[in-house]
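Novice: Before anything else, here's the structure in question.
The values are calculated or read from the model by the stated rules, or taken from the named source; none is laboratory data. None of these values were measured; they are calculated from a predicted model. Methodologically, a virtual Cβ is constructed for each residue, glycine included, from the backbone with ideal geometry; neighbour enumeration extends over all protein chains shown.
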Amino acid sequence: MLYQPLPASWSAASTLIVMSGADVSGTTTVKHSDVPFVSELGRCEWSAALSGVYWARQQYLPDAHRIDTGVVAIAGKLPLTDATRAWLPERLSGSVNNIMPPAGSFMFTAVWEGDRRRLAVSDPAAPPGLLFDNTQDYVFWAYAAKRSAYPAEPNGDGTRLRDMVASMISGWHPALLRLVGESDPATVAPVIIKSMAPVPAWPASRITLLGDAIHNMTPMAGIGANTALRDARLLADKLAKTSPQTLVTAIGEYETAMRDYGFAAVKLSLRDARQATGGRPGRVAFRTVLRATNTLPPLKRQFARAIDS
């Protein structure tokens with residue numbers, strides 16, 4: 001749950017409630033109306049569905065849908081221990097990498113080093129000494145290709161999927177082979193890459209959508225989380241300057257802006273997914289952009305500003 005303070009003119013029942021994966025089996029049907037949303041959390045003046053709350057989108061915008069891009073990723077994790085750090089090249093154990101062979105596939109690796117500091121939480125119900133959920137250091141990897149490029153349907157248990165990726169990168173650098181081969185099968189799983197189809201404007205109401213709940217995108221551009229955070233900031237700013245009487249207008253202003261930049265990000269990420277797993281011309285362009293933005297800080301800043309605008 002995410003709570004955002006609202007102006008003093010709002011009643012206690014007006015608390016912003018953003019639902020993210022909560023159990024909502026007892027909710028009323030979500031429709032276009034000015035009837036306050038009701039959930040097991042009680043009555044609130046408005047509600048916003050955040051990333052992953054597909055039930056809300058399906059009820060609120062039944063014509064909205066995601067498309068299957070035809071790309072499937074297989075992802076896994078290698079624990080970062082003293083033993084694995086001893087053989088991992090520095091580039092794989094300390095940075096983010098985009099690996100692009102001549103054609104047909106793409107691999108991404110990144111390092112997670114757990115933050116074991118205590119969380120600063122204001123919720124008195126939080127257990128003392130609460131830690132971040134993920135404290136194990138690891139290297140995350142994801143191999144992506146068109147479904148038709150795999151030797152068999154990319155599904156099944158982790159061992160089968162891990163071995164399938166190993167067979168497809170058999171000619172790659174030995175460190176990459178070992179990275180995949182020594183990953184815990186329990187962490188290996190397939191991800192069907194989907195992308196949101198454009199959604200026409202809808203009438204604003206006291207229910208709205210943020211993040212993946214409305215502009216779900218492929219991970220290839222690396223901007224999904226940032227776009228969701230931009231949603232949250234914009235919506236919070238709009239609400240902080242409104243009143244119960246102008247609430248729907250404020251939400252409508254947020255949705256108009258969000259549809260513009262959100263679906264621009266969806267389009268960019270879909271293009272990148274197709275280039276990353278497609279033929280040589282598109283891959284050359286994709287690789288050139290990645291290398292140029294990584295090498296030239298001014299170009300990287302310009303690219304970031306272009307996405308933001």
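Novice: Restricting the search to the range 229-262, which residues are of a type in the set (A, V, I, L, M, F, W, C) and surrounded by fewer than 20 Cβ atoms within 10 Å (Cβ to Cβ)?
Specialist: L229, A232, L234, A236, A240, V248, A257
Novice: Pairs please, first residue from the range 243-270 and farther than 14 Å from P200 by Cα, second anywhere and in a helix (DSSP H, G or I) and among the β-branched types (V, I, T), Cβ atoms under 7 Å, 6+ apart in sequence or on different chains.
Specialist: Close Cβ pairs satisfying both conditions: A265/T227; A265/I307.
Novice: Still on this model: Can you name every residue in the range 49-94 that is assigned to a helix (DSSP H, G or I), at pLDDT 80 or above and small (G, A, S)?
Specialist: Once the filter is applied, which keeps residues that are assigned to a helix (DSSP H, G or I), at pLDDT 80 or above and small (G, A, S), the range 49-94 yields A83, A86, S93, G94.
Novice: Scan the range 168-194 for residues that are surrounded by fewer than 20 Cβ atoms within 10 Å (Cβ to Cβ) and touching a Ser or Thr at 6+ places or on another chain (Cβ under 6 Å) and jot them down.
Specialist: Correct list: P185 only.
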